[in-house]
1. For segment 86-125, take the alpha-carbon Rg, divide it by the Kirkwood Rh, and send me Rg/Rh.
2. Kindly express, to the nearest 10 degrees and within the range 0 to 90, the angle between helix 105-124's C-alpha long axis and the longest C-alpha principal axis of the chain.
3. Which FRET efficiency value, to the nearest 0.05, do you get for Val23 and Lys388 by plugging their Cβ-Cβ distance into 1/(1 + (r/R0)^6) with R0 = 25 Å?
4. Taking GluC sites (Glu not before Pro) as exposed when DSSP calls them loop (any state but H, G, I, E, B) and at most 14 other Cβ atoms lie within 10 Å, what is the longest stretch of the chain free of them, the sites themselves excluded?
5. Starting from 0.36 nm per residue, how many nanometres of slack lie between Phe15 and Asp59 once their C-alpha separation is accounted for?
6. Given a cut-off of 27 Å, name the pairs among Lys349/Lys390; Lys89/Lys388; Lys314/Lys389; Lys304/Lys326 whose C-alpha atoms lie farther apart than that in the structure shown.
7. Quick check: residue separation of Ala368 and Tyr121 times 0.36 nm, minus the Cα distance between them. What number comes out in nm?
8. For the chain, build the charge dipole from Cβ charges (+1 Lys, Arg; -1 Asp, Glu) around the Cα centre, then report which of Val99, Met299, Asn353 sits farthest towards its positive end.
Amino acid sequence: MNKKEYIEKAEKNLFHVYNRFPVIFDYGRGVHLYDELDEEYLDFASGIGVMAFGYGNEDFEDALCTQVKRITHTSNLYYHIPMIEAAEKLTKASGMDKVFFTNSGAEAIEGALKTAKKFAYTKKGSGDYEVIAMENSFHGRTVGSLSVTGTEHYREPFYPLMSGVKFATFNDFGSILANLTDNTCAIIMETVQGEGGLYPADPEFLKKVRQLCDDEGILLILDEVQCGMGRTGSYYAFQQYGIKPDILTTAKALGNGVPIGAFCVTDAVAEASLVPGDHGTTYGGNPLCTAAVSQVFDMFEDYKIIDHVNDISKYFEQVLDVLVNKYDFITERRGLGLMQGLVLTVPVKEVVNRALLEEHLVVLSAGADVLRLLPPLVITEQDIDEFKKKIEKIFDSYLK
């Protein structure tokens, strides 16, 4: 069967909710992907920030194979060792106290919102509790996570959504205060906005929000589904700000391609929120997925990934700054660590498409004008040089 026939079969049988590129990826090695014809692609998207260690890592694959041969599922009615070990490693890395494993980042957001509402209910009794979220944010596609996603065109077709959500302007503390009421139970934001255009939180803004939450008895939820797990140069981006959330959400690179997420809470939140019967999941935290998490944390330590990200991101930023200075249609670079964006005045979706099809370079967009770059955390200077060579061929065409 050729590519055309495969794609026709896919379009016949799959619900058309993605506009997929006309590429069929078959396998990967290191930071490269290969299609069904064995043609090589440089991956600077890592499955939207998922594949921290790239592809074909033997340590990771061996750990999964070992677990598959033991047990893959038990349900949460019982204990199992991979979940216990993964939870211990995640609490240590994040500095949080308790973990609930989910199947995805969106489910982690759902759990975080339920936890915040139950916390308010426990402390204050029943009420019409509200959440302050951020404009330009993205938290997921489920009803709850969509309700706190600050992009109107994502929400509009699905009204009514969860009530009691107000939207403030990211990095504008006055906007937070303007939306604050006696019913506010939580403030939710990404520490670094991803889909919204690679905007890091301003340190003073985040510290003021933390203090406000402390003063008013409000929970701070930080969504680090995309910016967490080493991508910005620390296990979690908030650790560079000198503050700590009450609830943290995480996913993507947490499982390095195995679908798992989690929300983590402090002891104070755990003691006054969810109890048995309030929340659950059939697959979340099963032995296979948590074995992946446990192995990921072991590899972070063994490979010294945090140190590597801090070292290699300096070179990456230098290369990107060269591009900013070289091309007038690149107006800005922004981001943290290996979560970077280039703001373009030429059509970004066209650049993404041409990079893939003409130069076999996998990149992403964010918002209407940002070229988003989320390479595997194990990239080298040689990989960055290869990226530069490929993207310059695309950029040069816009100079003619």
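Bear in mind that the values in this text are calculations on the coordinates, not laboratory data. Since the structure is predicted, the reported quantities are computational estimates derived from the model, not experimental observations. Cβ atoms come from the backbone with ideal geometry, glycine included; neighbour counts cover every protein chain shown.
1. 1.06
2. 20 degrees
3. Plugging the Cβ-Cβ distance into 1/(1 + (r/R0)^6) gives 0.70.
4. After excluding every exposed loop site, the longest remaining stretch is 40-400.
5. Roughly 12.3 nm would be gained on extension.
6. Lys89/Lys388; Lys304/Lys326
7. My answer for the length gained is 85.0 nm.
8. Val99
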